[in-house]
Amino acid sequence: MPWRDPRSGVLSYLLTHRLGPLQKAWYFMEPAMRGDNPCLWFYVAHPPARQWTSAAVRLDPRNPEIRHFPHTVANGNPMLAPGGETAWIPVADGIYEQTFDGPPREILRLPRDLLGGRHLFSLVTDLSLSADGQRFVLDCHIGNRFLIAVADRHSGEVTPLRWFGNRHHHAAFSRHDPGLFMVNLGHWTDPVTGDKFEMNNRIWIMDTELNRYEPLLPWAWFGRNSWMCHEWWTEEGKINVCDYKRGVLEVDPDTKEVKVIWARACTHAQSDASNRWFAGDVNCYKWNDNSPCSVWFFNRETGREIPVVSRMPPQPLEWRDFRAYHIDPHPCFSEDGAFIAYTTTAPGYLTVALAPVAPLVEATAG
């Protein structure tokens, strides 16, 4: 269904077919549309069950199929394999390959002796593939400890790198160095004692040889002199970061140089592969009449921006459930940069939207 923002006139297309009461975009770290495969992948939930499962819709007007995969109860954010024909989805203690038409196929599972009878809270935060296409990086929450490991996607072999006693999550491989990744420290509550711990310095750089384990910016203490959160690698080897107060920053992990790219205080953001165009959401943690949630597009070449959604209608759940379901717009570019996928409440319920990028570039041209 076509929908235009009342303020900006920006066009989006909304998924009106409902496979469940809640439908939302995949997390912003990986594109939900990749290659020449005309499929958009997204999440489905059926409250009061809090599990999200994956679904996909073909965007081919001649064959507009939609399919739900109820067995893909998420234990981490999935990603599309190169080419876009296959989704890699973390389920329980393993990663499974799922095509639009076929059955699931196991790629790997955590060894039983590694779990040691402890509860697996999370297999991975964001599935991420090394630049050489060989390995996934895993940030497992097992019992009251956290494991950083790599897993060979061909053999299924899991190699533990290091155990930690505090929350390490959102690990993501560099897009240019197959041995380099970042990992984030976070607030967490010990599942045994109930003790609560704050994060200090959020973004850390590690490598698979364990020669590096260092903060991206040693001076950046979250909640004190820094509000940096929600970060991603660029093709040039930089790290882009959302700063809740200053906007989107670009950080060089080697020189530690920091520059403000987009002076809008986004909660989450993402750039296309060229790092010229950006999309971000604002106020999704507040999302009320005084602080409306919105989605924006930014053209770095011209410095101009335009709202994709200027004022998102209220989300459909009580606040206590809303946060539990992690409902944010999470805008993300398709791999080719032609579309932005995001979660919307525009039709009066929660669903997925696609905004074509070409009109946004034209609207923000110099």
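So here's what we get for this one:
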| quantity | calculated |
| --- | --- |
| 37 °C / 0.692 mPa s Stokes-Einstein diffusion coefficient of segment 229-366, Kirkwood radius on C-alpha pairs, µm²/s | 214 |
| Whole-Å distance, taken between Cα centres, linking segment 37-81 and segment 132-148 | 24 |
| Equivalent ellipsoid semi-axes - Cα gyration tensor, segment 1-95, angstrom | 23, 17, 13 |
| Cα centroid separation, segment 305-358 to segment 238-271 (Å) | 21 |
| Ordering of 184-197, 304-317 by packing [mean C-beta count within 10 Å, highest first] | 304-317, 184-197 |
| Segment 166-262: C-alpha gyration tensor shape, a/c 1.5 cut-off, then a/b vs b/c | oblate |
| Spacing of the two label points (7 Å from each Cα toward its C-beta) at Ser122 and Ala324, in nm | 1.8 |
| Largest to smallest principal axis extent of the C-alpha atoms in the chain, angstrom | 55, 47, 40 |
| Residues Asp132 and Ala363, FRET efficiency given R0 of 45 Å [Cβ-Cβ distance, rounded to 0.05] | 0.70 |
| Förster radius 25 Å - calculated FRET efficiency between Arg4 and Trp227 (Cβ-Cβ, nearest 0.05) | 0.15 |
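The numbers here are math on the coordinates, done by the rules we state, and not lab data. Quick caveat, the model's predicted, so the values are computed rather than measured. Glycine gets a Cβ as well: all are built from the backbone with ideal geometry, and neighbour counts include every protein chain shown.
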